[in-house]
Amino acid sequence: MKTAIVILNWNGQKLLEQFLPSVVNFSLNEAEVYVADNASTDTSISYIKEFFPTVNIVENLINGGYAKGYNDALQSIDADIYCLLNSDIEVTENWLKPVLNVFKTDEKTAIIQPKLLDFKDKKKFEYAGAGGGFVDLYGYPYCRGRLFNELETDKGQFNDVSEIFWASGACLFVRSKVFHQIGGFDEDYFAHQEEIDLCWRTQNIGYKVKYVGTSKVYHVGGATLQETNPHKTYLNFRNSLLNVVKNVPKKWFLFVVFSRLILDGIAGLKFIVELRPIHTWAILKAHLSFYKNFFKFLGKRRKLQKKQDYNLHTSIVWQYFALGRKKFEDLK
């Protein structure tokens, strides 16, 4: 299978200097490497041309964020498998083989995520995807190895190959034909949680999303937007709500939407108690944007097949905060 590793870049020369060498060293025998540049104003492109002549460059005309950036770039990249790789990831030797073997042996698997570990503490799982993602009854995302901000130590507990609900956009392998069949990323998201929507829609047409724990990468995380950045709070809360409107099955739709609005309000109060009112304001802005886009996303919903159910038996908020269950294995 022809594989293309595509790194989205925006003014990230320092990250490319640090992490592109591992990608080139451990990937060129099995894949072509591309940098998709989102109209950078630094010297990223000239740096790549000078020091990494084997790396292909795709230049986007504007910075359309993660979603549009990849949609635009992938139009001009010919491959069977795309690997969408953040610029702040260090890959490891033989990281591609286990993933590509799963694609070769299971044609219904369309999306795969490797094990995501923390570059700053390599024994810990990393927030953005850890050991593979799921969503709970209310559409809140969580991971094997990461519940809210609680990160587990990697003790080999997720060295398996298993079906998951969503794969991290930090390192996401996807069959090109499926990516284009479902229309790629929804550009209204701009950034954050568009990978959950992509995985949801992929499963709706009968494909599987998998985690391959025999492949591992190390992710810095927060290199574009730090966890403390209120804009990240805004995007996460808004886009999670939009995922609910777009994808939740009809019988649960009204219950989940109203419940989410209430739970988000509680989260806003929690930020006030923690003396972080700027994040409360971010949630308020997220809800205003949600109301503004509600009918637009309702229209998108009508065009989608909604076959794929999700975890209707788990409230991650209740289990984590009320019952004190801090590890994936403790969830019921």
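Laboratory data are not the source of any read-out in this text; all were calculated from the coordinates shown. Bear in mind the structure is a predicted one, so any value in this text is a computation, not a measurement. In this analysis, Cβ positions are derived from the backbone assuming ideal geometry, glycine residues included, and neighbour counts consider all displayed protein chains.
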**Prompt:** Based on the mean of other beta carbon atoms within 10 Å per residue, what is the order of 60-69, 81-90, 132-141, most packed first?
**Reply:** 81-90, 132-141, 60-69
**Prompt:** Top mean-square fluctuation among TYR142, TYR211, TYR47, Gaussian network model of the chain, C-alpha springs under 10 Å?
**Reply:** TYR47
**Reachable aspartates and glutamates, given that their alpha-carbon falls under 18 Å from the alpha-carbon of LYS285 and they are not under 8 places away in the same chain** = ASP188, GLU227, ASP264
**Asked** For labels at HIS231 and ASN204 in the simple 7 Å Cα→Cβ model, what's the distance in nm?
**Response** 2.9 nm
**Item:** Choice from HIS279, HIS180, HIS219 with maximal GNM fluctuation in the chain (Cα, 10 Å cutoff)
**Value:** HIS180
**Message:** I'm a student and want to see the number: the projected area of the Cα convex hull of the stretch 3-219, averaged over all directions, in nm².
**Reply:** 11.2 nm²
**Sequence ranges 232-245, 103-116, 28-41, ranked by mean other-Cβ count within 10 angstrom, highest first** = 232-245, 103-116, 28-41
**Request:** Would you work out if the stretch 125-256 is rounded, prolate or oblate? Take a ≥ b ≥ c from the square roots of the eigenvalues of the alpha-carbon gyration tensor; rounded if a/c is under 1.5, else prolate when a/b is larger than b/c, oblate otherwise.
**Result:** rounded
**Prompt:** Using the Karplus equation 6.51 cos²θ - 1.76 cosθ + 1.60 (θ = phi - 60°), what ³J(HN,Hα) coupling, rounded to whole Hz, does each residue of the stretch 275-286 give in order, writing x for Gly and Pro?
**Reply:** 6, 10, x, 5, 7, 4, 4, 5, 5, 4, 5, 4
**Item:** Length released on extending from VAL24 to PHE321, taking residue separation times 0.36 nm less the Cα-Cα span
**Value:** 102.6 nm
**Message:** Show me, for the stretch 191-205, the HN-Hα J-couplings you get by feeding each phi into the Karplus relation (A = 6.51, B = -1.76, C = 1.60, θ = phi - 60°), rounded to Hz, glycine and proline as x.
**Reply:** 7, 6, 6, 5, 6, 5, 4, 4, 5, 4, 5, 5, 5, 4, 9
**Item:** In nm, spacing of pseudo-spin labels at ALA267 and GLN75 (7 Å Cα→C-beta vector)
**Value:** 3.3 nm
**Message:** I'd like the orientation of helix 253-273 relative to the chain: the angle between its Cα long axis and the longest Cα principal axis, in ° from 0 to 90, rounded to 10.
**Reply:** 90 degrees
**Prompt:** Between GLY64 and residues 5 or more places away or on another chain, which pairs have amide H atoms under 5 Å apart, with H built 1.01 Å from N, and which residues are they?
**Reply:** GLY69
**Complete:** For PHE148, other-chain or 5+-apart residues with amide H closer than 5 Å (H placed, Pro excluded) are CYS143
**Pairs from LYS2/LYS300; LYS122/LYS177; LYS108/LYS300; LYS250/LYS296 whose Cα-Cα separation, in the structure shown, is over 28 Å** = LYS2/LYS300; LYS122/LYS177
**Prompt:** Around PHE119, which amide H atoms from residues at least 5 apart in sequence, or from another chain, sit under 5 Å from its own amide H, with H modelled in the peptide plane?
**Reply:** HIS219, VAL220
**Request:** Can you tell me the relative contact order of the chain? Whole percent, Cα pairs under 8 Å, sequence separation 6 or more.
**Result:** 19 percent
**Message:** Restricting to DSSP H runs of at least four residues, report the calculated mean residue ellipticity at 222 nm for the chain, -39500 (n - 2.57) per run over all residues, nearest 500 deg cm²/dmol.
**Reply:** -12000 deg cm²/dmol
**Item:** Choice from ASN159, ASN94, ASN149 showing the highest fluctuation, given a GNM over the chain with Cα pairs closer than 10 Å
**Value:** ASN149
**Item:** Cα gyration tensor category, rounded, prolate or oblate, for the stretch 218-281 with a/c compared to 1.5
**Value:** oblate
**Complete:** Subtracting the Cα-Cα distance of LEU254 and LYS155 from 0.36 nm times their residue separation yields 31.6 nm
**Asked** If the viscosity is 1.002 mPa s and the temperature 20 °C, what Stokes-Einstein diffusion coefficient in µm²/s follows for the stretch 58-127 when Rh is the Kirkwood radius over Cα pairs?
**Response** 147 µm²/s
**Complete:** 1/(1 + (r/R0)^6) with r = Cβ-Cβ of LYS177 and ASP330, R0 = 56 Å, i.e. FRET efficiency to nearest 0.05, evaluates to 0.90
